[in-house]
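Undergrad: Next up is a structure, given as structure tokens.
All of the numbers you see were taken from the coordinates with simple rules; none came from a lab. The structure presented is a predicted model; accordingly, all values stated were derived computationally and were not measured. Note that we place each Cβ from the backbone using ideal geometry, even for glycine, and neighbour counts take in every protein chain shown.
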Amino acid sequence: MTASVSLARVTRADAPLLDRIWQFYELESSSWSECDLDETGRFTSLSGFLERLGDPDSFDWAYLIRHGGQLAGLLLVGRQNFRGREIMEFADLYVLPKHRGKGIASEVLRQTVLASEEPWLICVFRKDQAALTFWRRAFERLPFSSVRESVPPEVLDLHEFIVNETI
């Protein structure tokens with residue numbers, strides 16, 4: 001990878017841009033997610049999140065991913081209650097097709113999960129085989145201090161992985 005990867009926290013002013021990128025993410029996921037369009041032709045699964053942007057008590061955050069200065073994708077992370085404990089969740093990562101295969105997703109992991117000293121929850125939909133393949137390769141290639149799949153999962157539609165956990 002030759003160009004730099006940067007993450008910029010999304011503000012309320014960025015909400016329309018985040019929503020537009022989210023439409024691409026939902027479109028690619030629609031073959032397995034079964035999400036439907038609303039009457040205006042839009043996916044609306046992000047609407048609750050967009051309403052919370054800028055809330056000082058918000059428990060989740062969105063980032064725009066740039067590669068070499070160009071908009072390349074989005075990242076959503078947040079604090080979740082998982083099996084009775086609070087944990088950071090690496091919730092949604094989307095890299096635009098033009099920017100794939102350049103190491104961007106791995107660099108985003110280095111700047112977030114791998115730069116943190118706390119454990120993270122990574123959930124992957126069981127029907128999303130492309131994402132599961134990415135994560136299994138990332139778990140082998142990148143220097144996570146630990147990787148553990150939570151079995152049985154708290155949410156049956158998901159593979160739930162805890163990484164960088166101190167035992």
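Undergrad: Would you kindly give the portion of the calculated P(r) for segment 5-163 that falls above 21 Å, as a percent of all Cα pairs?
TA: Working: 6030 of 12561 pairs.
That tail contains 48 percent of the Cα-Cα pairs.
Undergrad: Using R₀ = 41 Å, calculate the FRET efficiency as 1/(1 + (r/R₀)^6) where r is the Cβ-Cβ separation of Phe24 and Thr166; round to 0.05.
TA: On the way: r = 37 Å, r/R0 = 0.90.
Calculated value: 0.65.
Undergrad: Is any helix in the chain, taking whole DSSP H runs, at least 24 angstrom long along its axis by alpha carbon and on average at least -1.0 on the Kyte-Doolittle scale, and which ones? Intermediate results must be reported in sequence, preceding the final value.
TA: Details: long enough: 15-33 (26 Å, -0.31).
Qualifying helices: 15-33.
Undergrad: Now for a separate question. Below 8 Å, C-alpha to C-alpha, sequence gap of six or more: please give me the relative contact order for segment 73-143 in percent. Write down the numbers at each step before the final one.
TA: On the way: 63 pairs, mean separation 19.2, N = 71.
Worked out over segment 73-143, it gives 27 percent.
Undergrad: Write out the GluC sites (Glu not before Pro) in segment 1-37 meeting two conditions: DSSP loop, and at most 12 other Cβ atoms within 10 Å of their Cβ. Each step should come with its number before you reach the end.
TA: Values: sites: Glu26, Glu28, Glu34; in loops: Glu34.
Taking segment 1-37 and a limit of 12 other Cβ atoms within 10 Å, the loop GluC sites (Glu not before Pro) found are Glu34.
Undergrad: In percent, what relative contact order does the chain have, based on Cα pairs under 8 Å that are 6 or more apart in sequence?
TA: Values: 236 pairs, mean separation 31.2, N = 167.
In percent, rounded to a whole number, it is 19.
Undergrad: So how do Glu39, Glu89 line up by other beta-carbon neighbours within 10 Å, fewest first? Provide the component values of the computation, followed by the final result.
TA: Details: Glu39 5, Glu89 19.
Placing the least packed residue first, the sequence is Glu39, Glu89.
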